[in-house]
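To keep things clear, I will list the structure first and then write my remarks on it.
The values are calculated or read from the model by the stated rules, or taken from the named source; none is laboratory data. Since this is a predicted model, take the numbers as computed values, not measurements. Every residue, glycine among them, receives a Cβ derived from its backbone with ideal geometry; neighbour counts consider all protein chains shown. The accessibility values were calculated without ligands, DNA or RNA, using every heavy atom of the protein model including side chains. Shrake-Rupley method; radii C 1.70, N 1.55, O 1.52, S 1.80 Å.
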Amino acid sequence: MDKFVFSQTTRTHAGEGIMENALREELPHFDKRVLLGYGKGSAKASGLLERVRGILEDCGKEVVEFGGIMPNPTYAKVQEGAALARKEEIGFILALGGGSVSDCCKMVAAQSLTDKDLWDMETADGLFPDRALPVGVVVTASGTGSEQNNDAVITNEELYVKRDLYGLKPEFAVLDPTLTLSVPMPQVMAGAFDSLSHVMESYFGKPSNSFITDELSEAVMRNIIRNMRRVLSAPSDTDARAQLMWDSALAENGLLKLGKKGDFQCHMIEHQLGAYTDCSHGQGLAVLHPVVYRHILKDNPMKFRRFAVEVWGIEASGRTDEDLAARGIDALEAFIAEVGLPSSFGDMGLRDILSLEMMRRIAQSTIISPGCARKLSPIEILQILRECL
């Protein structure tokens with residue numbers, strides 16, 4: 001186990017129907033000038049935006065709306081929000097939406113307090129913001145876990161790069177499963193699979209010998225799988241949705257990464273796929289994971305064996321380690337099909353978009369983070385992309 005320091009400072013309010021009480025408890029602690037960030041229309045169409053704005057105003061807040069945050073938030077949108085926050089002398093940001101809204105608002109919070117360009121500052125200079133406007137998050141679509149960390153996935157359209165930037169953690173998060181009931185089922189499954197992917201990417205990292213962090217990961221993976229099935233069969237099951245929301249937070253609040261370096265190759269490949277195609281992140285991960293795992297199976301066979309037995313419940317007796325390891329990946333692939341997620345880029349409508357030259361650019365620009373079972377080369381990433389077609 002590697003050395004680590006852990007601090008989780010985001011106050012989390014979780015439970016059915018908890019949103020209003022949570023906001024009324026939290027809002028008195030923050031500035032009266034509030035930037036209310038939201039997406040491209042669902043919060044407004046459902047009446048949730050009006051409801052939240054009413055709570056804010058009832059608590060004495062002056063609200064400035066920042067809408068239109070896209071599913072893959074762009075760096076230009078971050079700059080737009082930061083300019084608005086400065087102009088309106090904003091003192092607090094409330095993100096109402098899924099991970100994309102949260103990611104964008106966290107970076108708006110940081111960019112609004114510095115004249116430095118955050119992209120250059122972080123990617124070129126290796127410097128990170130040490131202050132930001134306080135942010136609260138009301139989650140309406142779970143999966144990213146953005147509400148409990150300082151990470152934000154942002155697309156720079158000029159550079160064709162989608163990558164992680166870092167701000168500060170939200171002050172508080174509201175996880176009310178009733179707010180997810182209007183989310184279309186394909187989006188629910190894609191978000192939940194993103195949570196599963198986060199856990200797998202940590203689980204297969206280094207060191208590969210299993211310890212308590214990995215055992216916690218196994219429990220969370222089993223819980224995600226079980227509750228994805230529950231929600232699929234009973235969409236109004238708010239208990240299952242609540243568990244998926246908490247799974248999402250646990251997957252990315254740092255707990256399941258303690259003592260490890262994650263193997264986030266699938267995420268890094270998908271980020272670049274998204275930079276070029278603006279595709280669904282969760283769907284892209286569902287296509288990539290089985291293919292990537294078959295490429296690295298022989299580099300971490302005992303961990304894949306454990307994955308098969310402890311997560312998928314595959315009987316070990318009478319089977320070789322190699323057979324068990326392969327069966328675990330087969331089980332993952334079968335589950336992806338079971339919950340209606342795509343198994344190829346063709347299923348995602350990307351076959352005609354992804355030319356060989358575009359796939360070469362995606363492969364060449366993919367950033368591979370430390371902790372991989374085996375660091376993939378651009379040539380192998382291109383091969384993986386072609387196998388996903």
Query - Correct option for Rg and Dmax of the Cα atoms in Å [calculated from the coordinates] among (1) 22.8, 90; (2) 44.8, 172; (3) 20.5, 68 - result: (3)
Report summary line: To the nearest 10 degrees, the tilt of helix 378-387 (Cα long axis) against the first principal axis of the alpha carbons of the chain is 80
Requested in this report: Would you please state which residues of the stretch 43-71 a label at Glu80 would reach in this model, taking the label point 7 Å out along Cα→Cβ and a backbone N cut-off of under 15 Å?
Outcome: 65-71
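What whole-number value in Å² describes the accessible area per residue of the stretch 281-389 for a 1.4 Å probe? The partial results should precede the final answer.
Values: 5010 Å² over 109 residues.
That works out to 46 Å² for each residue.
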Requested in this report: Using Cα centres only, tell me the gap between the stretch 315-375 and the stretch 2-53 in whole Å.
Outcome: 34
Query - Calculated from backbone phi, Karplus (6.51, -1.76, 1.60) coupling profile of the stretch 346-356 in Hz, x at Gly/Pro - result: x, 4, 8, x, 9, 4, 7, 7, 7, 6, 4
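Quick check: from the Cα gyration tensor, does the stretch 11-54 come out rounded (a/c under 1.5), prolate or oblate?
On the way: a/c = 2.13, a/b = 1.25, b/c = 1.70.
Oblate.
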Query raised in the report: For labels at Leu356 and Tyr166 in the simple 7 Å Cα→Cβ model, what's the distance in nm?
Result: 4.0
Report summary line: Applied in sequence order to the stretch 200-215, the curve 6.51 cos²θ - 1.76 cosθ + 1.60 (Karplus, θ = phi - 60°) yields integer Hz couplings, x standing for Gly and Pro, of 4, 5, 6, 4, 8, x, 10, x, 8, 5, 6, 9, 4, 4, 5, 5
Query raised in the report: Residues of the stretch 1-101: accessible area per residue at 1.4 Å, in Å²?
Result: 49
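Carbon-plus-sulfur fraction of the accessible area of the stretch 288-389, 1.4 Å probe, in percent?
On the way: 2450 of 4910 Å².
The nonpolar share, carbon plus sulfur, comes to 50 percent.
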Report summary line: Quick note, the stretch 318-389: a/c under 1.5 would make it rounded; otherwise a/b > b/c is prolate and the rest oblate (a ≥ b ≥ c, C-alpha gyration tensor); here it is oblate
Report task. Per DSSP H run of at least 4 residues, take -39500 (n - 2.57); add these up for the chain, divide by its residues and hand me the 222 nm value, nearest 500 deg cm²/dmol. Result -> -15000 deg cm²/dmol
**Report entry** Efficiency of FRET between Arg33 and Lys261 - r from beta-carbon atoms, R0 41 angstrom, step 0.05
**Finding:** 0.50
Report summary line: Gyration tensor on Cα atoms of the stretch 201-298, a ≥ b ≥ c root eigenvalues, a/c under 1.5 rounded, else prolate if a/b beats b/c, else oblate, says oblate
Requested in this report: First compute the accessible area of the stretch 62-181 with a 1.4 Å probe, then give the percent of it belonging to carbon and sulfur atoms.
Outcome: 48
Query - Paramagnetic reach from Arg24 (point 7 Å along Cα→Cβ, amide N under 11 Å) across the stretch 53-74 - result: 55, 59
Report summary line: Once normalised by the length of the chain, the mean sequence separation of its alpha carbon contacts under 8 Å that are 6 or more apart gives a contact order in percent of 16
Query raised in the report: Amide H neighbours of Ala14 under 5 Å, counting only residues 5+ apart in sequence or on other chains, H built in-plane at 1.01 Å?
Result: Leu175
Report task. Tally the DSSP beta bridges in the chain and give the antiparallel ones as a percent, rounded to 5. Result -> 25
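Would you mind putting 142-154, 251-263, 4-16, 76-88 in packing order, based on average other-beta-carbon counts within 10 Å, highest first? Mind showing how you got there, number by number?
Numbers: 142-154: 25.5, 251-263: 21.2, 4-16: 13.4, 76-88: 18.2.
Highest to lowest by the protection proxy: 142-154, 251-263, 76-88, 4-16.
What whole-number value in Å² describes the accessible area per residue of the stretch 103-223 for a 1.4 Å probe?
34
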Requested in this report: At a Cα cut-off below 25 Å, give the lysines reachable from Lys77, other chains included and same-chain residues fewer than 8 away excluded.
Outcome: Lys32, Lys40, Lys44, Lys61, Lys87, Lys106, Lys116, Lys162, Lys169
